[in-house]
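I have placed the structure first, in the form of C-alpha cells, so that the comments after it can refer back to it.
Rule-based calculations on the coordinates, nothing more; no lab input. Values in this document were obtained by computation on a predicted structure and should not be read as measured data. We place every Cβ from the backbone using ideal geometry, glycine too, and count neighbours over all the protein chains shown.
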Amino acid sequence: MSLLDSKVPEGDLAEKWTNHKFDMKLVNPNNKRRFSIIVVGTGLAGASAAASLAELGYKVKAFTHHDSPRRAHSIAAQGGINAAKNYTNDGDSVHRLFYDTIKGGDYRSREANVHRLAEVSVNIIDQATAQGVPFAREYGGLLDNRSFGGAQVSRTFYARGQTGQQLLLGAYSALMRQVGLGTIDLYPRQEMLEVVKKDDEACGIVVRDLVSGEVSSHSAHAVVLATGGYGNVYFLSTNAMMCNVTAAWRAHREGAFFANPCYTQIHPTCIPASDDFQCKLTLMSESLRNDGRIWVPTATDDQRPAGDIPESERDYYLERKYPAFGNLVPRDVASRNAKTVVDEGRGIGPLKNGVFLDFAEATARDGEDAIRSKYGNLFDMYERITGENPYERPMRIYPATHYTMGGLWVDYHLMTTVPGLYALGEANFSDHGANRLGASALMQGLADGYFVLPYTIGNFLAPRLGQDPVSTSDPVFARAEAAVEDRTKKWLSTKGTKSVDHYHRELGKMVWDGIGMARNRAGLEQALSDIPELEKEFHANVIVPGSAATLNQSLEKAGRVDDFFGLAKLMARDALEREESCGGHFRDEHQTEEGEAKRDDENFSHVAAWEFNGPDTAQTRHREELEFENVELTQRSYK
Amino acid sequence: MSNSMNLTLKVWRQDGPSENGRFETYEAHGISEDASFLEMLDIVNERLTEDGKDPITFESDCREGICGTCGVMINGRAHGPQFGTATCQLHMRKFADGDEIVIEPWRATSFPIVRDLAVDRSPLDAIIASGGYISVNTGAGPDANLIPIPKEVSDTAMDAAACIGCGACVAACPNSAAQLFTAAKVMHLNLLPQGQSERWTRTEAMVETMEEFFGSCTNHGECHAACPKEISLDFIAWMNKDYIKSKVKNRKLASQT
C-alpha cells in the first residue's frame with residue numbers, strides 16, 4: 001500500500017464527484033463562522049477560494065505579498081479559459097474536454113480529478129459572466145469562442161487578449177466585496193515564510209511584513225496555499241518578477257510531498273531574448289496560432305528579411321509534420337519542433353534564436369481590421385518590446401518557460417500530505433499531467449477555488465467543531481518565528497560580493513541547460529553536480545545590503561532564490577529518475593523514430609511524490625500509481 | 001547588436017514614509033537601447049548592490065504592462081514619454097545617448113511613499129471594497145448565455161475594464177484626483193445588464209469613498225494622457241451622470257422599503 005492515498009471515490013467516472021459531494025460531511029451554515037481558514041495567495045485560485053469560503057460563512061484571512069490582491073500573476077494570462085459549454089455546436093462535451101486534457105497531459109494525470117475539472121468548467125463561465133467579466137461576444141450578443149492548441153473544437157472563452165486579467169478582476173471583486181463586508185481580513189505585503197504544524201496537522205503560518213520587517217504568526221483551522229508555480233527557477237521565464245516557490249517549498253520542508261517537479265512547460269510563442277541583461281521573457285498568446293503560420297527558411301543561416309524569402313524556400317514545419325493539427329499542436333510539440341529547427345541553424349532574427357509567426361495569409365483573407373480586433377493589444381505589445389511592426393512583417397517567436405505542472409501533491413480533496421494544509425491552482429500538481437493545454441490554467445485555478453475546495457474543506461472541518469485553533473503563543477509558533485529571524489540575520493550578515501540576482505541568473509542558466517526543453521542523463525548529472533557548488537558559493541558570497549526593518553527587496557529575493565536552489569536539485573533528480581519522455585519532460589534517450597516523446601507506461605505510469613527528510617538528506621521518492629479505466633493509453637499523435 | 005547608451009539618472013531616494021527624501025545622481029553606462037526602462041534600473045541596482053550600497057527600491061511584477069505594479073514619474077511624466085505605455089513596457093530606444101533622466105515616485109498625498117519609488121496605493125482597493133463588484137455568490141449565476149449583451153455594450157465595458165489600477169491617473173492629475181480609475185471601475189459594471197441591480201448604490205458608494213481619499217476632478221485630462229491603457233475620459237462623464245442620478249434613485253429606492 002502506497003503512503004499516498006488519492007482518496008478518489010468509487011463508482012463511475014461521471015458520477016464520482018456528484019456522489020462524493022453527497023457523501024462528504026457538511027458544516028452547518030451557523031457553525032461555519034466558528035472555523036477560521038488562512039488563504040495564502042490571491043490569484044485566481046486564492047481569490048476565488050477566499051471569496052467563496054467567506055460567502056459560505058467561514059472566517060477567512062487572505063495573505064498576499066503584493067501591495068494589492070489584484071496584482072497576482074494570473075492577471076497576465078492572455079488567451080482564454082476552456083469550458084465544455086458546446087455553445088458552438090461542434091461536438092464538445094464534458095467527456096471530450098476530459099479526454100483532451102488527459103491526452104494533452106500525456107496520460108500522467110488522475111482521471112477522476114480531470115473529469116471533475118471538465119464538469120465544473122461550465123459553472124466557471126456562468127460565475128464569471130454573472131460577476132461582469134466582459135467575455136468577447138458575437139453580434140447577436142451571445143458569447144464567442146475560439147479554438148486552442150490540443151483541441152479540435154472551439155471551447156475557449158476569452159476577453160480580448162486579457163482573459164486572465166478580467167477573470168482575476170472578477171475574483172478580486174468578489175474578494176473585496178467580502179473584505180468590505182468584514183468577512184475577510186486582508187493582509188497585503190505579507191510574505192508567508194513558514195507553515196506551522198502542531199501534532200502533525202497544519203495550524204497556521206508565519207509571515208513577514210515586507211514593509212516593516214515584522215515577523216508574526218497567524219493560526220487557523222486550515223491553511224490553503226494558492227501561491228502559484230515555480231517557473232522562475234529558470235530565471236528567464238514568462239513569470240512575473242515576484243513569482244516564487246517559497247510558500248510551496250517551505251510547506252514541503254514541513255512534510256508536504258512535492259510531486260513531479262520535472263514537469264515544466266515551455267511555451268512555444270514568446271518573444272526571443274535580445275541580450276544578457278534581460279530579466280524576463282514576454283509571452284505572445286497561443287491564440288495567435290489560430291491565424292499565424294509558423295515557419296523558418298528552408299536553408300540554414302538565411303538572414304534575408306521574411307518578405308524576401310519566396311514561398312518555395314519556406315518550411316511551414318508544423319503544417320508539414322502534423323497536417324491534422326498544423327499550427328495548433330500542443331505546446332510541448334510546438335516548442336520542441338522550434339528548438340529542432342533553431343538547433344539546425346535555421347533560426348531567424350539577429351541572434352538566430354527564433355522562428356517566424358506570420359499573419360500575412362490571415363490578413364489577406366480576413367483584412368487587417370479583423371486581425372486587429374482579435375489580437376490588437378498583443379500586436380501593440382510586440383511592437384513596444386521589439387520596435388518591429390507585426391502588421392508589416394512576421395513576428396519572431398521562441399519557446400520560454402511558462403508554467404509548471406508539478407507542485408505540491410494533493411489528494412482528490414486538494415489536501416497535501418499534511419492534514420489541514422491544502423494546495424490550489426498552479427501550486428498543486430493535480431490536473432495537467434505532464435503537459436498543460438492552453439486555456440486550462442485559468443480553468444483549473446478557478447475550479448479549485450470556486451467549486452472544489454469550498455466542498456472538500458467542510459469534510460475536514462466538520463469533525464473539528466468545537467476545537468479552537470492552536471494559540472499563536474504556542475511554542476510551535478515561537479520556533480517557526482525564530483527560524484525566520486535566524487535566516488534573515490544570516491542573509492544580512494553574509495556580506496559577500498555578488499548580488500542575489502547574479503546567483504539567480506547563474507542558477508537559471510544551469511536549470512535551462514540541464515532541465516530545459518530536452519533532458520538527458522549526462523546533462524542532468526552535470527546539473528546535479530554544478531547546482532550544489534553554486535549553492536555553496538551563494539551562501540558564502542551573496543551580498544544583501546540594507547536592514548530587515550524596511551522594505552528590502554534584496555532580502556526578499558535571497559530567501560526565494562535559496563528555495564529555488566533546493567527545488568532545482570529536486571527537479572534534476574526527478575527528471576533523472578523518470579526514464580521516459582512524457583509531455584513537457586522530454587528525455588533524449590526516450591524518443592520514437594520520428595523524434596516524438598516515447599512514454600514507458602509499464603514502469604512510469606505513476607506520480608512521483610518526494611518526501612523531505614531534512615536539509616542534509618536526500619528526499620525519498622514515493623509513487624502514486626495512475627489507473628486508467630476510461631481512456632486507452634495511446635501514443636499521442638497530432639498528425 | 002544593438003546600440004548602447006550612457007545616461008545620467010537623478011533618482012528620488014527616501015528611506016521611509018516619514019523620512020526626508022533627496023535626489024541622488026547615478027551614472028548608467030553601457031545600456032542597450034533594447035533594454036526596457038526597468039531593466040536599465042535593474043542593471044544600475046546590481047552595480048549598486050555589488051558596491052555594497054542600497055539599491056533603488058522600485059516596484060514591478062509582470063513586466064508586461066498588465067499587473068499595474070510598476071509606475072514612476074519619468075522626467076515629470078507618469079510612466080514616461082510613450083503614450084499608452086506602462087513603465088515596464090517603455091524601452092530605452094525612446095531615449096538618446098547622454099540624456100539626463102529624472103525619476104520620482106507617484107506624486108499624490110493619498111499615495112504615501114513606502115520607500116524610494118514605491119508608494120502605497122491601498123485607497124484604490126478601498127474604493128473597490130465599497131462597491132466595485134456585482135454581488136453574486138459562487139454558484140448563483142445563471143447560464144452565461146441567458147442574457148445576450150449587445151457586442152458594442154460588452155466591448156465598451158471591456159474598454160473600461162482594461163484599467164490596470166496602476167495609479168498613474170492620480171499621479172498625473174494636478175489635483176491628485178482618482179476619477180479615471182473610479183469611473184473605469186464604475187462604468188465597467190454599470191454598463192452591463194448584470195450590474196443594473198446595484199447600479200445606483202454602487203455609484204454613490206464608490207464616488208464617495210473616492211472623495212474621502214482623493215482630490216476633485218477639474219477636467220484637465222492629464223489622467224487620460226498618462227493612462228497606459230488609454231482609458232477614455234467619456235467614462236468620467238458617464239460616472240458623473242450616474243452619480244447625480246444615484247442621489248435621486250437611491251432616495252427613491254430607500255423610500256420603497
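Residues checked against (1) over 15 Å from B:Pro193 (Cα atoms); (2) buried (at least 23 other Cβ atoms within 10 Å of the Cβ); (3) touching a Cys at 6+ places or on another chain (Cβ under 9 Å); (4) not basic (Lys, Arg):
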position	(1), (2), (3), (4)
B:Asp120	yes, no, no, yes
B:Gly131	yes, yes, no, yes
B:Ala140	yes, no, no, yes
B:Asn145	no, no, no, yes
B:Glu152	no, no, no, yes
Here the residues within the range A:579-597 that are crowded, with 21+ Cβ neighbours inside 10 Å and of a type in the set (Ser, Thr, Tyr) are A:Ser581
Just to verify a result, which residue in the range A:104-126, among those that are over 23 Å from A:Asn89 (Cβ atoms), assigned to a helix (DSSP H, G or I) and of a type outside the set (A, V, I, L, M, F, W, C), is farthest from the other protein chains (Cβ to nearest Cβ)? A:Glu111
Just one listed residue, out of A:Gln178, A:Gln190, A:Gln166, is touching a residue at least 24 places away in the same chain (Cβ under 8 Å) and under 30 Å from A:Ile102 (Cβ atoms), and it is A:Gln166
Do any helices (runs of 4 or more DSSP H) lying entirely in the range A:424-532 carry at least 1 residues that are under 22 Å from A:Gly559 (Cβ atoms) and more than 14 Å from chain B (Cβ to nearest Cβ), and which ones are they? A:475-494, A:500-515
Say we look at the range B:12-28 and pick out the residues that are surrounded by 12 or more Cβ atoms within 10 Å (Cβ to Cβ) and farther than 17 Å from A:Thr550 by Cβ; which of these is nearest to the other protein chains (Cβ to nearest Cβ)? B:Ala28
Lone unmet requirement of (1) surrounded by fewer than 21 Cβ atoms within 10 Å (Cβ to Cβ); (2) within 14 Å of chain B (Cβ to nearest Cβ); (3) within 22 Å of the chain's Cα centre (by Cα) for A:Pro545: (3)
Looking at B:Asp97, is it of a type in the set (D, E, K, R) and in contact (Cβ under 8 Å) with a residue 40 or more places away in the chain? yes
Residues that are outside any strand (DSSP E or B) and surrounded by 15 or more Cβ atoms within 10 Å (Cβ to Cβ), drawn from the range A:602-639: A:Phe604, A:Ser605, A:Phe612, A:Gln619, A:Leu626, A:Asn630, A:Val631, A:Arg636, A:Tyr638
Tell me the residue from B:Gly84, B:Gly65 that is buried (at least 22 other Cβ atoms within 10 Å of the Cβ), within 26 Å of the chain's Cα centre (by Cα) and within 12 Å of another protein chain (Cβ to nearest Cβ), please. B:Gly65
Only helices (runs of 4 or more DSSP H) wholly contained in the range A:269-366 count here; list those with 2 or more residues that are of a type in the set (A, V, I, L, M). A:331-341, A:360-366
Has the range A:577-591 got at least one residue that is among the polar types (S, T, N, Q), part of a loop (DSSP other than H, G, I, E, B) and within 30 Å of B:Thr49 (Cα to Cα)? no
Considering every residue within the range A:400-408, establish whether at least one is of a type outside the set (Phe, Trp, Tyr), assigned to a helix (DSSP H, G or I) and either more than 14 Å from every other protein chain (Cβ to nearest Cβ) or touching a helix residue (DSSP H, G or I) at 6+ places or on another chain (Cβ under 9 Å) (or both). no
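If the requirement is being buried (at least 24 other Cβ atoms within 10 Å of the Cβ), more than 10 Å from chain B (Cβ to nearest Cβ), in a loop (DSSP other than H, G, I, E, B) and not hydroxyl-bearing (Ser, Thr, Tyr), which of these qualifies: A:Gly150, A:Gly161? Can you show your working first?
Values: A:Gly161 fails: more than 10 Å from chain B (Cβ to nearest Cβ).
Being buried (at least 24 other Cβ atoms within 10 Å of the Cβ), more than 10 Å from chain B (Cβ to nearest Cβ), in a loop (DSSP other than H, G, I, E, B) and not hydroxyl-bearing (Ser, Thr, Tyr) holds for just one of A:Gly150, A:Gly161, which is A:Gly150.
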